[in-house]
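A short write-up of the structure that comes next.
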Amino acid sequence: MYREFKHLNLPAIDAEILQFWQDNQIFEQSVAQRSADQSFVFYEGPPSANGKPGIHHVMARTVKDIFCRYHTLKGYRVERKGGWDTHGLPIELQVEKELGITKEDIGKKISVDDYNHACRSTVMRYKDLWDDITRRMGYWVDLDNPYITFENNYIESVWWLLKRLYDKKTDAGQSFLYKGFTIQPFSPAAGTGLSTHELNMPGCYKEVTDISVIAMFKVRQTAASKALFDTADEDVRILAWTTTPWTLPSNVALTVGPEIDYVKVQTFSPYNALPVCVVLAKNRLSAYFNPEHADLPLVPFDTAEKKPAIPYRVVKTIKGKDLAGIQYEQLMPFVTSPELDAAAFRVITGDFVTTEDGTGVVHTAPYFGADDMRVAREAGIPMIGIPNEKNPALPFPLVDRQGKFVEELGEEFGGRYVKAEYYPKEVSSQKEFKSTDLLISLRLKEDNKAFKIEKYAHNYPHCWRTDKPVLYYPLDSWFVRASAAKDRMSELNKTINWQPESTGTGRFGQWLDNLQDWNLSRSRYWGVPLPIWRTEDGEEEICVGSVADLSTLVDQAVAAGVMTENPYRLATAANGEFDLHRPYIDDILLVSPSGKPMRRELDLIDVWFDSGAMPYAQWHYPFENQEAFQRNFPADFIAEGVDQTRGWFYTLHAIAVMCFDSVAFKNVVSNGLVLDKEGNKMSKSKGNVVDPFETIAAYGADATRWYMLANASPWDNLKFSAEGILETRNKLFGTLYNTYNFFALYANLDGWKADEQNVMPYAERSELDRWIISRLYSLVAEYRAEMDQYEPTRAARAIESFVDEHLSNWYVRLSRRRFWKGEMNDDKEAAYQTLWECLLVTNQLMCALAPFFSDWMYRNMTASIRANAIANHTPLRHESIHLGDLVLPDPSKIDRSLEKRMDYAQRICSLAFSIRKREKLRVRQPLQKVLLPVLDEAFIHEVDGVKDLILGEINVKELEYVTDASGLLKKGAKANFKTLGGKLGKDMKDAAAVVAGLTNEQISAIEQSGTLRVTINGNEYTLTPEDMILSTEDLPGWKVASDGRLTVALDVMMSDDLLAEGVARDLVSVIQKIRKDKDFQVTDRVVVTVEVHPFMQQVVAQHGDYIKGETLADTLVFTDQVHADLVEVSDGISLHLDVRQS
RNA sequence: AGGGCUAUAGCUCAGUUGGUUAGAGCGCUACACUGAUAAUGUAGAGGUCUCCAGUUCAAAUCUGGAUAGCCCUACCA
């Protein structure tokens, strides 16, 4: 027996199948039963379990799941090791928030040890929720043996990779892991430098309005500046613009573009009307001087005026390169020295200078700008800062690590935060509060050093956690020399199949083309410690690549007396593990070859390195599992959100290329965002976050999964709507469910059972059967092609249209009668076998995307033959659909011409229905004849094959073909623009009119002779039949409908016989309806009594056997005593009618 | 700020190398059909294919520009 159901309940199916999978270890079996020799490698991008799973995770994981399942079905072994990302700033910040501490408190109020324990206990906080959503959504991944990035083994592998980079040298002999000093984004609030990845997190660049100032730098009269001066006592100033006035005390140079034209302008200082000459780029002149004022007499304007007209004269033009070397007076001499004065405060050139903004002169403060640092170094300009005895070339910057000015800036500015956002809200929101930028600007104005102060809106990066602006700040850091591997990374990237392609070539490719070195350092506590030890003078250093090496080195340190004992050996002896995290690792001192103590560099590494190291570290490679690693590298497939392009996708790629000269993954799908219904980002504050648990509980996992992938390509953003899921549920799953229930109902009645060993040859089945089989195997081919190209949406839509259009609405609809009519015979057997095969194969195609429903139906359909299948070792021996082999595409089962014939049938029926509708002729009313104008030779043959189907479907007695010879056709011709366009060119339009005006005779003539000569605009052309699209416009006297070339005409003449037959069918319909209303079984026999009615009696006399046969009526009698309601049987015929079980 | 992607019916989306009536589903309206019935069919309403210009006999499609949204890149002062 096949199970029958009352209603479709997807969540109940989820529960039933989940239990089944669990009880029978289906996932484990699906992996284990495949040979390890043929593996499809998937890498799981580790989520962080310190946040709750969201609906977007369901999206991303559905993408991962379906391709893993698909390849499993194709016979691959797909091991899917889960993983957890456990380190990093988000976790630290969360812990700080919960403990109510800041970074400064770590090591003071709370020990590093306790702090790290707090982190460790936080990172798996929501693991249960994650495991739960993983199960419920049907994501198959091995959660029993996940890799966890904080475990010693994982860290050791990361160390090994770092050492590999440390030992690897460029052609120039530079190490791939090096310590550098650069200007980096730095978040004083978070107390750490930020990686470019972090800076590129969404929302980090914000439009902010800052105070900008154009400062006037007073030029000194020297040999270099001689050309600028026309008189000895002139006050010549160079104008330079900045949006960060707080960097002005650190100014050491002005950068100009070497080829840019600059002008010297004689004018008056805008704030006090003092005479001055200013220098700025010629292109920028109009931004600050009104051309209408160029001819005003050169006299001071009235400063009391609101918008004074400031007179000016351009007195000189000079190229940027000729300005180089000019010295100027230090703008804000808080910190200075004779050496500084001699070497700094000069004009230098830089190729990055443009004239789009500002004055074409760039204020240069090397400590607070990467470009600034580069040009200043090239020009040999010293830094400005507090003297540093250890390294005189690198004095300490004028801003400390909290983002405050140092005390040396005096009472006015010392101790002030340079950005207003760093002050507590209580301070910065006060009315009298003035930002440091503003105070500096006002100071300059007062000192006659400001040319213009104004607000300026621009994008500025903000710390992704603290939401406060970052500073660019000089920091010591360890770098991975990624730029040295740039070309190789680009080259190997071209071998990766990106989906969508544009992410790989565009977004990722362009990123690689402009690759900078990867800043690994993080001054934090909870992460992988950098395994580098250095002597205090930095002369000797060692990079440790394994725990064993470390232990050996510690032994040496103990021997040298630098350490008293080896904690690693102590821990091992006590059967424990020496925690590789801080603070323990910091207590380890090593001894240098020359006998000096070495301390660990205190930095941790970027967590992105952790996750990018997972191909190796998940196996504890190379210390263990060498074989497993070899088998699983590189990945065949990975998938994550597109936001990982510069994150995980990059770090995987970078490490693989640098350490193994290989790609890390061959195929990658990047999915887009999941937005709310309106297209807004989901966020807690907006309250539009969709709870994945609720969604799956309400609609089932399959409908949710299917909706997410079928609605739009996964790389397009998804506007998530519950109605969409509902639609998927009804349309796809509802239809399949109905189809199954229909099958089960009759298969149970007939006791039909599939027999894999005894399949009826297709050749012996009907046209309709062979058609749906052809369609089915066309679908198999299409599905596999799309999935092989990582096009899940196209694959899903192909299945949808097959189920809806072909299987349900054509095959089943036209076949229904075969299932319920009569005893078992060959035709019925063929129908069962065909529908059975369609359902089974469709389910198998669906099962990667809808794993629950398809397994459920599979099990319902195959349970009764399982024992047989196992005994005979046939394909259906598997207890789960996920253990089977994907059906192979089979061209021999595809019959294109049959598909074309059936397409004719469908279209002809559709046209006939539309005529009936227009003429108000119900389908139950038989009609005598349908006429089909013949399109071409093959047409008759093709339509004949499906003639009976058509006649049955549209309830017409006969079909007749009409040709020209009949003289009935009125033909029309339309120009075929595609073929004619090239030939005719400009005459195309006129030709179209000529073709449209062809008469019946002309058209017939062309069809016979094959050519037509026409003259258009004096040009002569020869047209062939291919150049026009012929159609039947009308059959005068007939009811006609047409679709493209296809035309259908219906004979709507009614005879008494036809009328009687129509009424007979109406009567059948009414009786059936009553049977149904009374809940009779479909096999119950009945007795029908009908009120005496002469016409009806005549109908029954003619069609009584038919009516009784259709309705399973034993008797049909007319009497005056019918105790039943009045029913309308047909137009104008209402009578009392009773149906009872006999 | 630059680069990329997107823009088609009220909504979600198709639309092949340019080709003349721009499609589907949902929703709405009417009518049918129904021994699958929380289904189905037929028809109707609903479009300046975001806008402007160009190339072309012909543009939703190709080119340039604009606008909007998103993503990415970027301390250009």
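The values are calculated or read from the model by the stated rules, or taken from the named source; none is laboratory data. This one's a predicted model, so the numbers in the text were calculated from it and none came from an experiment. Here Cβ is always computed from backbone atoms with ideal geometry, including for glycine, and neighbour counts include all displayed protein chains. Surface accessibility is based on the protein's heavy atoms, side chains included, excluding ligands, DNA and RNA. Shrake-Rupley method; radii C 1.70, N 1.55, O 1.52, S 1.80 Å.
Brief remarks on what is shown
- When the listed pairs A:Lys103/A:Lys425; A:Lys109/A:Lys431; A:Lys6/A:Lys828; A:Lys6/A:Lys917; A:Lys206/A:Lys719; A:Lys109/A:Lys206 are checked against a 29 Å cut-off, the alpha-carbon distance exceeds it for A:Lys109/A:Lys431; A:Lys6/A:Lys917; A:Lys109/A:Lys206.
- DSSP beta bridge pairing in chain A, given as percent antiparallel to the nearest 5: 70 percent
- Cα-based shape type of region A:831-891, given that a ≥ b ≥ c are square roots of the gyration tensor eigenvalues and the cut on a/c is 1.5: rounded
- Between A:Arg599 and A:Lys168, the FRET efficiency estimated from the beta carbon spacing at R0 = 30 angstrom works out to 0.75.
- Convex hull volume per residue, computed on the Cα atoms of chain A, equals 285 Å³.
- A Förster distance of 56 Å, applied to the separation of the beta-carbon atoms of A:Lys307 and A:Arg401, puts the FRET efficiency at 0.80.
- The local environment of A:Ala560, defined by Cβ-Cβ distances under 14 Å, has a net charge of -2 under the rule Lys, Arg +1 and Asp, Glu -1.
- Kyte-Doolittle mean at least 1.0 and Cα axial length at least 18 Å: DSSP H helices in chain A: A:547-560
- Rounded to whole Å, the principal axis extents of the Cα atoms in region A:160-309 read 75, 41, 25, largest first.
- Here the label points at A:Thr354 and A:Asn283, each 7 Å from Cα along the C-beta direction, are separated by 0.8 nm in the simple model.
- Tensor-based shape of region A:869-937 (alpha-carbon gyration tensor, a/c under 1.5 rounded, otherwise prolate or oblate): prolate
- For A:Leu1023, the residues 5 or more places off, or on other chains, whose built amide H falls under 5 Å of its own are A:Leu1012, A:Arg1013, A:Val1014.
- For A:Glu577 and A:Glu339, the difference between the fully extended length at 0.36 nm per residue and the C-alpha to C-alpha distance is 80.2 nm.
- Multiplying the residue separation of A:Glu389 and A:Asn738 by 0.36 nm and removing their Cα-Cα distance gives an extension gain of 117.2 nm.
- A protection proxy built from the mean count of other Cβ atoms within 10 Å ranks the segments A:715-728, A:839-852, A:260-273, most packed first, as A:839-852, A:260-273, A:715-728.
- Computed with a 1.4 Å probe over protein heavy atoms only, the accessible surface of region A:766-897 comes to 36 Å² per residue.
- Here the extension length gained between A:Thr505 and A:His1123 equals 214.6 nm, from 0.36 nm per residue of separation less the Cα-Cα distance.
- Accessible surface of region A:199-285 [probe 1.4 Å, protein heavy atoms]: carbon and sulfur percent: 53 percent
- Taking amide H atoms as placed 1.01 Å from N in the peptide plane, the amide H of A:Lys929 lies under 5 Å from those of A:Lys957, A:Glu958, A:Asp1051, each 5 or more residues away in sequence or on another chain.
- Taking other residues whose beta carbon is less than 13 angstrom from the beta carbon of A:Leu73, and scoring Lys, Arg as +1 and Asp, Glu as -1, yields +1.
- Against the compact-protein benchmark of 2.2 N^0.38 Å, the Cα-based radius of gyration of region A:299-374 scales to 1.46.
- Estimated purely from DSSP H runs of n ≥ 4, each contributing -39500 (n - 2.57), the mean residue ellipticity at 222 nm for chain A is -11000 deg cm²/dmol once divided by its residues.
- Under 15 Å, Cβ to Cβ, from A:Gly414 - net charge with Lys/Arg +1 and Asp/Glu -1: -2
- Accessible surface calculations at 1.4 Å, restricted to protein heavy atoms, place region A:596-671 at 28 Å² per residue.
- When the alpha carbon coordinates of region A:888-977 are projected onto the principal axes, the ranges are 48, 38, 25 Å, largest first.
- Against the criterion of solvent-accessible heavy-atom surface with a 1.4 angstrom probe, A:Lys404, A:Lys64, A:Lys731 sort, most first, into A:Lys731, A:Lys404, A:Lys64.
- Mean separation of Cα contacts under 8 Å, 6 or more apart, over the residue count of chain A: relative contact order %: 11 percent
- Per residue, in Å², the accessible surface of region A:14-128 once ligands and nucleic acids are set aside, probe 1.4 Å: 38 Å²
- Charge dipole (chain A, unit charges on Cβ, about Cα centre) - positive-most of A:Leu998, A:Ala754, A:Leu768: A:Leu998
- Cα-based Rg and Dmax for region A:833-951, where Dmax is the largest Cα-Cα distance (Å): 21.0, 60
- Stokes-Einstein translational diffusion, region A:228-280 - Kirkwood Rh over all Cα pairs, 1.002 mPa s, 20 °C, in µm²/s: 166 µm²/s
- Using the average count of surrounding beta-carbon atoms within 10 Å as a protection proxy, the listed peptides A:5-15, A:803-813, A:608-618 rank, highest first, as A:608-618, A:803-813, A:5-15.
- Accessible carbon and sulfur surface of region A:869-969 relative to its total accessible area, %, 1.4 Å: 52 percent
- Taken over region A:595-661, the alpha-carbon convex hull comes to 131 cubic angstrom per residue.
- Classification of region A:5-51 by its C-alpha gyration tensor yields an oblate form. The axis ratio a/c (a ≥ b ≥ c) is 1.5 or more, and b/c is at least a/b.
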